[in-house]
Amino acid sequence: MPRMTVNERPLEFAMNPETPLLWALRDAANLTGTKYGCGTGDCGACMVLIDGEALRSCLITIAEAEGRFITTIEGLSRDRSHPVQQALVAQQAIQCGFCTPGIAIAAAALIQRNSDPSKEQIEAAVPNLCRCGVYPRLVAAIQQAGRVSRRQERISAAPAPGISGEDAARTVPAMVAPDVGTGPED
Ligand code: FES
Ligand code: FES
């Protein structure tokens, strides 16, 4: 049973060792921030940090992840205070948000090794697909995140802390199927 450290917690997955890491994170560890986009290594929605490198978790089995240190979007920061998270919000570089966790992971890995990346370096290091087309704002956000990480700039409007578990569990009326009954004898 493959063992690894996920968001600083030791985990052991009682699963087939050939299971993609993406499935183990989402379905067994309940870390659903990492997204399934294509499953074939093309979109980057499933990126996580593995020993500090942004990699596609749909292409890595849990056997291959054995003994490694995994960071998912949930572990990037506990309160969305990571410079990349703050800058993505500040630059409004999020539309539907499906690609955002993978992009945040790739961008975090980039500014960790290069806090002043050029547009070309960002395009090479953050190849993630975004069907909403946030690319121009993405470059601005990642360069701002670099400045924040170098303490050359502060983002005053930090994103709000995460919603409470209570709120997340609250019934959303729009998602509840209407009760249409089963027949005239209802
Ligand atoms: S889901 Fe892994 S690259 Fe698209
Ligand atoms: S914001 Fe919608 S896919 Fe990127």
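The values are calculated or read from the model by the stated rules, or taken from the named source; none is laboratory data. Given the structure is predicted, the values throughout are model-derived calculations rather than measurements. Glycine also receives a Cβ, built like all others from the backbone with ideal geometry; neighbour counts cover every protein chain displayed.
I'd like to check something: does segment 60-83 contain any residue that is of a type outside the set (F, W, Y), touching a Pro at 6+ places or on another chain (Cβ under 9 Å) and within 10 Å of ligand 1 (Cβ to nearest atom)? Among the residues of segment 60-83, at least one is of a type outside the set (F, W, Y), touching a Pro at 6+ places or on another chain (Cβ under 9 Å) and within 10 Å of ligand 1 (Cβ to nearest atom), which makes the answer yes. The criterion of at least 1 residues that are under 14 Å from the mean Cα position of the chain (by Cα) is met by the following strands (runs of 3 or more DSSP E) wholly inside segment 1-111: 3-6, 47-50, 53-56, 69-71. Checking each residue in segment 108-121 for being closer than 17 Å to Q86 by Cα and away from ligand 1 (no atom under 16 Å from the Cβ) picks out A108, L110, I111, Q112, S115, D116.
Do any residues in segment 32-44 that are assigned by TED's automatic domain parsing to the domain that holds T61 have Cβ atoms under 9 Å from those of residues that are within 6 Å of ligand 1 (Cβ to nearest atom) and of a type in the set (K, R), where the two are at least six apart or on different chains, and which pairs are they? Close Cβ pairs (under 9 Å, with a partner that is within 6 Å of ligand 1 (Cβ to nearest atom) and of a type in the set (K, R)) amount to G41/R56; D42/R56; C43/R56; G44/R56.
Restricting attention to segment 8-51 and to residues that are among the hydroxyl-bearing types (S, T, Y) and under 25 Å from V126 (Cα atoms), the residue that is farthest from ligand 1 (Cβ to nearest atom) turns out to be T32.
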